[in-house]
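Throughout, read-outs are computed from the coordinates displayed, never taken from laboratory work. Remember, predicted model here, so these are calculated numbers, not experimental data. So basically every Cβ, Gly included, is an ideal-geometry build from the backbone, and we count neighbours across all protein chains shown.
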Amino acid sequence: MVEMPWYQEGPADRHWPAGREPSRATPIGDGAAEPLGIYLGSHAVRAIERSLEQDPERPLGGLLVGFPLAGARRPFLAVTDLILLPPSAVDESDVRFTPAVFGEILPAWEERQDGAVIAGWCHAAPGRGIALSNFHRFNHHRHFPRPWQIVLVIDTARQASLVYRWEKGQLVPVEGFYYWDMEGEPAADLFEPPVLSVGREEPAAAPGERASPPGRARRWIWPLAAALLIYLLIPQAPGSIPWMRQRLSPGYPLAEPASGTRPGFLEPSPPSAAESAAAGTPAQLPAAPQQAGAGEDPREPGPPATEATGAGATPSGGPEALAGEPRGPAAVREYVIQPGDTMWAISRTLLGDPRLFRELAQKNQIENPDRIFPGQRLVVPLE
């Protein structure tokens with residue numbers, strides 16, 4: 001199997017991380033009518049402007065960096081930054097993407113490690129117009145085939161620009177896009193919060209999809225990270241480390257009485273009458289876990305007929321089935337990776353042993369545990 005190049009890595013084509021379209025954005029044209037919302041962030045736009053101000057007559061080329069996300073109404077692309085190409089790779093008419101060029105800019109890409117992907121590329125030159133040349137199209141088809149990868153063409157002499165996107169295997173110009181104010185609304189605000197749930201196992205992401213490691217955060221993330229760290233240390237705060245460790249411990253019940261379910265968990269549905277009849281057993285309510293009496297060691301197993309495990313109990317060796325117990329495939333939890341997560345930390349928090357991170361990665365078909373990206377869903381076994 002041919003390994004996917006780093007500039008094509010990213011989420012599966014139909015499984016983009018959940019997000020929210022920026023609200024602090026100015027439309028350029030009719031961006032609302034587009035099936036893919038395109039938001040050019042102020043950081044990326046200023047990086048292009050600074051390079052052009054140094055030498056307005058010199059052509060410019062670069063890779064666009066950003067996050068493809070799935071919004072409530074449509075998928076969208078948030079472009080956050082620019083990686084400049086070496087001047088030798090750019091001229092007035094075209095940009096030359098060669099292995100040597102990609103190798104020269106690879107260190108700058110590896111230093112980022114913020115979970116972003118290569119969102120496309122741009123070409124700016126004075127007087128060349130904003131139409132794509134045949135060589136432009138060839139470059140994009142060969143090197144940037146992912147559905148979120150766009151082309152931004154700029155004519156600096158005419159002060160004109162145009163964005164192209166994929167549609168049914170062809171590059172088409174967009175009707176409009178957005179200028180996004182990243183100072184007033186940073187990229188971290190666009191991601192959906194983490195979700196913990198109990199349910200059936202879902203298909204993992206396709207092998208070879210990008211899973212960028214969460215590394216050094218940008219400066220504007222530090223205040224958010226500090227607040228999150230303080231929150232994670234509060235014992236009774238929903239979603240905190242002590243809170244999750246308590247609820248993921250073997251003796252803690254996942255199903256609760258009729259008062260409701262705990263935040264972040266979904267209560268299993270009881271088996272239907274047909275399922276109970278097929279199993280030959282009556283449906284029962286889960287037995288409440290018994291408290292250890294004074295002087296008893298809670299780790300000592302009780303009598304075989306009342307031994308409890310996990311969310312409720314069934315008599316050891318008895319025919320009764322626990323109501324709501326997952327049937328068929330093993331029950332699992334799902335965890336949505338957030339910026340700053342690592343497989344080591346996730347395994348330590350959810351499994352109680354950070355050394356299980358490789359097994360957790362194999363369970364989710366992640367070839368490199370060091371390369372995960374925000375929004376990716378992890379399947380965490382109950383046992």
- Find, among the GluC sites (Glu not before Pro) in region 1-56, those assigned to loop by DSSP (not H, G, I, E, B) with at most 10 other beta-carbon atoms within 10 angstrom. GLU3
- Message: Using the Cα centre of region 6-185 as the reference point, and only Cβ charges (+1 on K/R, -1 on D/E), how large is the resulting charge dipole? Debye, rounded to the nearest 20.
- Response: 540
- Net charge of Cβ neighbours under 12 Å - reference GLY176; Lys, Arg +1; Asp, Glu -1: -2
- Item | Packing rank of 18-24, 65-71, where each peptide gets the mean count of other beta carbons within 10 Å, highest leading | 65-71, 18-24
- Message: Can you work out the Karplus-derived ³J(HN,Hα) for every residue in region 130-137? Use 6.51 cos²θ - 1.76 cosθ + 1.60 with θ = phi - 60°, whole Hz, and x for glycine or proline.
- Response: 10, 8, 7, 7, 4, 6, 4, 5
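Quick check on region 80-182: take the gyration tensor over C-alpha atoms, sort the square-rooted eigenvalues as a ≥ b ≥ c, and tell me if it's rounded (a/c under 1.5), prolate or oblate.
rounded
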